[in-house]
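Below is one structure, written out as structure tokens; comments come after it.
The values are calculated or read from the model by the stated rules, or taken from the named source; none is laboratory data. Here the structure is a predicted model, which is why all the values come from computation and not from measurement. Here Cβ is always computed from backbone atoms with ideal geometry, including for glycine, and neighbour counts include all displayed protein chains.
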Amino acid sequence: MARSSLRGKNEINAGSMADIAFLLLIFFLVTTTFPNDRGILFTLPPKPDPNQPPPDITKNDRNIFKILVNSNDQLLVEDEPLENVFLIKDMVKEFVLNNGRNPNLSDNPEEAVVSFKTDRGSSYEIFIDILDQLDAAYNEMYGERVGMTGDEFRELRNTVNKTPEQRAQYDKARGIESKGAKPTFPKNISIAEPSKVGG
Amino acid sequence: MSKFAKKTKASQDIPTAALPDIIFMLLFFFMVTTVLRETDILVKQTLPRATQLSKLEKKSLVSHIYIGKPKKTNLYGTEPRIQVNDVLIEPKDIVLWVQQEKDKLEEVERDAITISLKIDEEAKMGIISDVQQQLREANARKIMYATPERIDETAGG
């Protein structure tokens, strides 16, 4: 008698287990925020030494690529107004890779400096747009030196533990001939303190 | 005919015993990947997008500063403010905050601290510059402008 009833239905009804798991699942789905720690890395210049006067700038004017932004987010690139921010990348590349051909552009990549100045009233959005353009320009130029695309070079730069081959490739792109030597193709981006003019 | 009908009566329902297992698998995935927010963000955060991104490797070395228009404008006004941890602060308090953050790290790692700046796209460069001056003062010079990736390819090139 008992045996036959056992044979009939002996399982625990596990159908509602799924519902319980669903409840928990939905809770975690809603609370999950995927950490998105990505962005543009930048190193600030060191604090100025009060005992030392600021160094004199003896750069030739042709070696400085000037980008100015006013408080209305209007651009002045090389003393000419510019509408489209996304043209800066190609302008910078032309400027740095000039190698003395055009007398208005840089002597060589080692001397070339990109100077970027905003106003206190400029928006952060345009600052990031321009910084991104400058980064893209240099990544593409570095990539071209070792036969990569800009994106591939960026991947290489972001690799933390580089293999010796990767390290050699990276140093070659940046023009570092021996360990500790100054790069012959440096990334000279100078971000000036914002002006307080307003207009 | 009657034989056939008997057979179908024997077991009609689909076995659902494996369903909880599948759901549990999903559940564990989300439990493991979930990072519960420690801070309530008091300022508006619409980050600008960029293309040339780097990823931060050591999460323990990162401290966050949030800048943007306060969400509670009747309490804090409409001008962009700086938030660290759970409070809104003035630029001059940043040096002290950086010292506190550095104290949380191992001694050898203190100079490797990275400040992640999460800044609303509508914020002005004036307040950002003030923050950066303070960070230079505090000798926390490695910074990252947090920006999600730009989706459209035409503008980014």
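Among the candidates A:Ser123, A:Ser115, which residue alone is among the polar types (S, T, N, Q) and more than 14 Å from chain B (Cβ to nearest Cβ)?
Answer to the selection: A:Ser115.
In the range B:20-40, what count of residues is obtained for those that are among the aromatic types (Phe, Trp, Tyr) and more than 7 Å from chain A (Cβ to nearest Cβ)?
The total comes to 2.
Considering the range A:93-107 alone, what residues qualify as being out of contact with any strand residue (DSSP E or B) (no Cβ under 9 Å at 6 or more places or on another chain) and of a type outside the set (D, E, K, R)?
Selection gives A:Leu97, A:Asn98, A:Asn99, A:Gly100, A:Asn102, A:Pro103, A:Asn104.
When you check A:Leu156 against the structure, is it within 14 Å of another protein chain (Cβ to nearest Cβ) and either modelled with pLDDT under 90 or touching a helix residue (DSSP H, G or I) at 6+ places or on another chain (Cβ under 6 Å) (or both), yes or no?
Yes: the conditions hold for A:Leu156.
Only one of these is more than 30 Å from B:Val32 (Cα to Cα), touching a Phe, Trp or Tyr at 6+ places or on another chain (Cβ under 7 Å) and at the interface with chain B (Cβ under 7 Å from one of its Cβ atoms): A:Phe86, A:Phe65, A:Phe28, A:Phe42. Name it.
A:Phe42
Looking at the range A:101-129 only, could you name the residues that are out of contact with any Gly (no Cβ under 9 Å at 6 or more places or on another chain) and more than 20 Å from B:Gly68 (Cα to Cα)?
Residues satisfying the conditions are A:Arg101, A:Asn102, A:Pro103, A:Asn104, A:Leu105, A:Glu111, A:Ala112, A:Val113, A:Val114, A:Ser115, A:Phe116, A:Lys117.
Identify the single condition in (1) facing chain A (nearest Cβ under 7 Å); (2) touching a residue at least 12 places away in the same chain (Cβ under 8 Å); (3) closer than 19 Å to A:Asp135 by Cβ that B:Val62 does not satisfy, given that it satisfies every other one.
All conditions are met except number (3).
Would you point out which residue out of B:Arg136, B:Arg110 is outside any loop (DSSP other than H, G, I, E, B), without any contact (Cβ under 8 Å) to a residue 24 or more places away in the chain and under 24 Å from A:Asn158 (Cβ atoms)?
B:Arg110
Within the range B:83-102, how many residues are in contact with a helix residue (DSSP H, G or I) (Cβ under 8 Å, 6 or more places away or on another chain) and part of a helix (DSSP H, G or I)?
6
Being loosely packed, with under 10 Cβ neighbours inside 10 Å and at pLDDT below 85 is the filter here, so list the residues in the range A:165-181 that pass it.
Correct list: A:Ser178, A:Lys179, A:Gly180.
The rows are residues; the columns are (1) modelled with pLDDT of 80 or more; (2) surrounded by 17 or more Cβ atoms within 10 Å (Cβ to Cβ); (3) closer than 19 Å to B:Glu101 by Cβ.
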position	(1), (2), (3)
B:Ser11	no, no, no
B:Pro20	no, yes, no
B:Phe28	yes, no, no
B:Val32	yes, no, no
B:Leu36	no, no, no
B:Asp40	yes, no, yes
B:Glu57	no, no, yes
B:Lys71	yes, no, no
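So is B:Ala17 at the interface with chain A (Cβ under 9 Å from one of its Cβ atoms), in contact with a Ser or Thr (Cβ under 9 Å, 6 or more places away or on another chain) and on the phi < 0 side of the Ramachandran plot or not?
Criteria not met by B:Ala17.
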